[in-house]
Amino acid sequence: MQLLFDGYTEEEYEAGTVFCVGRNYVEHAEELGQEVPQDPIVFVKPANALRHGSYNLIEYPPLTHELHFEGELVLLLRGGGRNIHAYGPADVIAGYAVGLDLTMRDLQSEAKRKGLPWMISKGFDGAAQVSHFIPFESSPPFEELGFSLWVNDELRQRATTNQMIFSPEMLLPYISRVCSVRAGDLLFTGTPQGVGPLQVDDKIVMQLHTTNPEEVLLDFHAQVTEWQ
Ligand code: MG
């Protein structure tokens with residue numbers, strides 16, 4: 001699968017590793033009844049999970065009764081390799097998007113209880129939804145970004161990057177100590193409070209914006225359908 005800069009540049013990236021950060025907002029950790037982490041909680045999603053576009057379908061997976069949306073800011077990475085330190089953001093970050101870290105919460109909770117991996121609960125087909133990207137060069141600085149998520153026209157999540165516990169400047173050195181970062185890798189930066197269940201036919205809208213929600217940088221639309 002390839003990732004495209006929709007309507008902005010000719011640049012395109014073949015999708016690589018989908019890195020995700022868990023519990024990167026204090027109030028989301030609290031709403032799940034979890035401790036605020038001392039170190040980043042990092043996991044990955046497999047290639048089958050990725051869906052890229054502006055108008056996406058979300059198939060409701062058959063194993064769950066509790067499919068949760070987690071709206072997140074997503075970084076498209078340009079590379080960097082191992083042991084990224086003191087980098088210039090333009091050397092590592094190729095663009096910004098919004099996305100959904102879809103989670104079968106009932107299965108994930110059971111996996112957490114049993115100390116088992118999250119792969120099935122967060123790695124099913126379509127579990128990593130990501131919008132088109134705005135190129136780094138056309139975007140306001142990371143510190144001035146925010147996003148919002150609506151389900152059926154009701155605002156459910158809104159956050160700005162200054163609410164994150166771990167910034168990319170902290171996450172990328174942490175991850176790249178042992179995982180090489182390559183062009184086309186994605187970094188889901190965690191979800192703020194407000195996660196919740198989805199039902200078939202629900203319509204999701206996300207917007208990437210500045211710290212002012214009216215300064216919209218891009219839109220993402222998705223609709224939940226039956227599993228095919
Ligand atoms: Mg998440």
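All of the numbers you see were taken from the coordinates with simple rules; none came from a lab. Predicted, not measured: the structure shown is a model, and the values here were computed from it. With ideal geometry, Cβ positions are generated from the backbone for all residues, glycine too; neighbour counts draw on all protein chains shown.
Per the Kirkwood treatment, what hydrodynamic radius in Å, one decimal, follows for the stretch 136-186 from the mean inverse distance over all distinct Cα pairs? By the Kirkwood definition, the hydrodynamic radius is 13.4 Å. Placing a label point 7 Å from the Cα of Ser138 along the Cα-to-Cβ line, the residues of the stretch 81-99 whose backbone N sits under 18 Å from it are 90, 93-99. With Cα atoms as the point set, the stretch 178-228 shows a radius of gyration and Dmax of 15.2, 41 Å. Shape class of the stretch 77-173 from the alpha-carbon gyration tensor: oblate, with a/c at 1.5 or above and b/c at least as large as a/b. Cross-link reach is defined here as a Cα-Cα straight distance under 16 Å, omitting same-chain residues fewer than 8 places apart; for Lys114 the aspartates and glutamates meeting it are Asp106. Quotient of the Cα radius of gyration of the stretch 124-228 and 2.2 N^0.38 Å, N being its number of residues: 1.18. When His65, His52 are sorted by how many other C-beta atoms sit within 10 angstrom of their C-beta, beginning with the fewest, the order is His65, His52. When the helices of the chain are scored as -39500 (n - 2.57) per DSSP H run of n ≥ 4 and the total is divided over every residue, the value at 222 nm lands at -3500 deg cm²/dmol.
When all C-alpha to C-alpha distances in the chain are sorted into bins of 5 Å, what percent of pairs does each bin hold, rounded to whole numbers? P(r) over the chain, rounded to whole percents: 1, 7, 15, 21, 22, 18, 11, 4, 1, 0.
Treating the beta-carbon of each Lys and Arg as +1 and of each Asp and Glu as -1, no other charges, what is the dipole magnitude of the chain about its Cα centre, to the nearest 20 debye?
The dipole of the chain has a size of about 860 debye.
A Förster radius of 25 Å combined with the Cβ-Cβ distance from Glu226 to Val205 puts the calculated FRET efficiency at roughly 0.75.
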